[in-house]
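Some notes on the structure that comes next.
The values are calculated or read from the model by the stated rules, or taken from the named source; none is laboratory data. Quick caveat: nothing in here was measured; it's all calculated off a predicted structure. Backbone-built Cβ (ideal geometry, glycine too); neighbour counts: all protein chains shown. In case anyone asks, the SASA skips ligands and DNA or RNA and just uses the protein heavy atoms, side chains included. Shrake-Rupley method; radii C 1.70, N 1.55, O 1.52, S 1.80 Å.
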Amino acid sequence: QVQLVESGGGLVQAGGSLRLSCTASGRTFSSYAMGWFRQAPGKDREFVAAISRGARSTYYTDSVKGRFTISRDNAKNTVYLQMNSLKPEDTAVYYCAARDGGPYYIRPGEYDYWGQGTQVTVSS
């Protein structure tokens, strides 16, 4: 079992930045592929970014490429999402997710564990 706790959300003006963190319990964090997803009101949960176990591979949805960066620190059991040049359409609840093994994954159903989410609101 892995428990994931997100932090770092908040209210920011368009063009601003936030860094989300997701800290995992347990001793095997380095064996998990990690991902970030988001869900806006009335919409399905959508993929944002993913990172492989050793951080050699990352993948982003097109709408955040060049603005968001996913990274991880396996010594701290933490994955990060640096979000720059934020837009109002980035407003959503952001979730981190984990899956044991594999490179990275982009579909919600491919992940085994989820955090509770953190709200990101971008004002225009």
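Taking each residue of the stretch 37-53 that is over 22 Å from Gly102 (Cα atoms) and looking for partners that are assigned to a strand (DSSP E or B) and open to solvent by 10 Å² or more (accessible area, probe 1.4 Å) with beta-carbon atoms closer than 9 Å, six or more apart or interchain, yields Gln39/Glu46; Gln39/Val93; Gln39/Tyr95; Ala40/Glu46; Ala40/Val93; Pro41/Val93.
Met83 passes all but one of (1) under 20 Å from Leu11 (Cα atoms); (2) open to solvent by 30 Å² or more (accessible area, probe 1.4 Å); (3) under 13 Å from the mean Cα position of the chain (by Cα); which number fails? In the conditions (1) under 20 Å from Leu11 (Cα atoms); (2) open to solvent by 30 Å² or more (accessible area, probe 1.4 Å); (3) under 13 Å from the mean Cα position of the chain (by Cα), Met83 misses (2) alone.
On the basis of being under 18 Å from Gly115 (Cβ atoms), in contact with a strand residue (DSSP E or B) (Cβ under 7 Å, 6 or more places away or on another chain), of a type in the set (Val, Ile, Thr) and open to solvent by 30 Å² or more (accessible area, probe 1.4 Å), does Thr61 make the cut? So Thr61 does not fit the description; no.
Per the conditions (1) closer than 23 Å to Val122 by Cβ; (2) more than 16 Å from the chain's Cα centre (by Cα); (3) among the charged types (D, E, K, R), the sole criterion not satisfied by Arg38 is (2). Within the stretch 21-37, the presence of a residue that is part of a loop (DSSP other than H, G, I, E, B), at pLDDT 95 or above, under 19 Å from Lys87 (Cβ atoms) and not acidic (Asp, Glu) is excluded.
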